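What follows is a set of notes on a single structure, which appears directly below.
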Amino acid sequence: MSRIRASRTRGLVVWALIAGMVLPSLTAVLGQPEPGAAAGTPMSVLVFFLRDETGVGADLERIVTQSLARALAQVGGFDAEVFEMNSPSATRQVEEGVLRTEDIMPPYEPTSAVAVGHALGADIVLVGAILERTFDAETNVVSLTISGTTYAVAANVDPETGTPKAELQAYRPPFGVTGSSVERKIPYRGPVTDLDREAADDAAQKAAARITGVAVVEKKVKKKTFWEKWGRVLVIALVVGGFALAASDEENESRNDSPPPTNLAMTRQNQGVQLSWGPPANPPREIFRYQVQRQVNNGPRHDVDGGLVLPTQFSVIDFDVHVGDRIEYFIRVKYVGNVNSPLVRIGTWIESA
């Protein structure tokens with residue numbers, strides 16, 4: 001009898017320890033407010049391609065600009081989008097005479113950015129530059145230094161003429177930050193663009209902190225004990241394992257009840273592939289974003305245009321196309337409430353010479 005009691009006591013102690021570790025984590029997660037909830041409606045930010053002063057090329061401009069837009073959107077309170085000169089909305093404004101062709105062409109200056117932001121209904125515009133890129137061959141570290149300035153559109157447009165004022169006032173003080181990729185002591189054999197993305201993400205997070213006022217906490221790397229490294233994973237696995245099947249069934253049901261986009265199409269456009277679609281038929285709830293993905297030569301899938309496609313935008317252009325590539329494109333609707341439509345296939349593009 002004493003052995004049975006001891007066994008029960010140990011069992012209670014073990015579950016009490018697990019509960020003590022899990023409950024604070026769950027409380028922290030459940031206590032987090034929705035991004036932008038405290039501030040109300042998110043402010044729309046139009047991020048213009050940062051001017052590359054390093055001479056690396058257009059790929060670096062796109063990588064850094066998309067990272068910056070993504071970092072702003074993740075902070076909360078801002079709905080960030082990269083400005084595309086070939087977007088239907090920009091082209092229409094030029095055709096109607098609201099904007100000039102030079103307004104939507106890079107390199108982007110503050111005055112033209114404010115004019116474009118006013119025409120497209122943005123609250124804030126961001127212009128900047130990539131000042132320096134360095135690579136340390138011994139540590140395989142890429143460092144990027146970027147700078148930029150934000151401008152509130154309404155405050156910098158003359159209400160009578162609808163044109164940018166002669167003297168523009170910055171929304172936040174100009175920022176200048178440096179981001180770095182993760183140090184790798186062994187020879188790095190992967191694509192250098194992966195290191196550029198890591199450095200760009202690091203710099204973008206620091207820039208977003210300057211713009212929004214949300215501080216980035218510097219993490220000090222230290223050697224972890226076994227329990228510090230794996231204990232949390234083991235505890236979470238116990239919790240997740242109990243709910244995985246039910247959550248999977250619920251997600252599948254949500255997907256079946258959430259229609260995907262319609263009228264999917266691909267066309268050649270300006271040395272890239274233009275992907276277009278229409279809104280879903282009878283959507284059951286408000287659309288949050290469209291997510292467009294690509295898969296090159298049966299490799300892993302990645303977002304096109306940073307995955308930041310607004311519900312009012314019905315096309316994107318993929319410029320990362322090379323001769324011999326076999327690219328499959330996919331799209332789905334991300335509805336409000338963390339409900340996704342099925343990921344449907346737009347088509348396959350084979351780039352020839």
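For the stretch 121-202, state the average projected area of the convex hull of the C-alpha atoms over all orientations, rounded to one decimal in nm².
On the way: hull surface 27.2 nm².
Taking the Cα atoms of the stretch 121-202, their convex hull projects to 6.8 nm² on average.
Here the accessible area of the stretch 147-191 is 54 percent carbon and sulfur, with a 1.4 angstrom probe and all protein chains present.
Over the Cα atoms of the stretch 255-339, compute the convex hull volume and normalise it per residue, giving Å³.
On the way: hull volume 8.4 nm³, N = 85.
It comes to 99 Å³ per residue, whole-number rounded.
Compactness of the stretch 71-172, taken as the C-alpha radius of gyration over 2.2 N^0.38 Å, stands at 1.27. The mean accessible area for residues of the stretch 47-103, using a 1.4 Å probe and ignoring ligands and nucleic acids, is 44 Å² per residue.
The values are calculated or read from the model by the stated rules, or taken from the named source; none is laboratory data. No experiment lies behind these values; they were computed from the predicted model shown. Just so you know, the surface numbers come from the protein's heavy atoms only, side chains and all, with ligands and any DNA or RNA stripped out. Shrake-Rupley method; radii C 1.70, N 1.55, O 1.52, S 1.80 Å.
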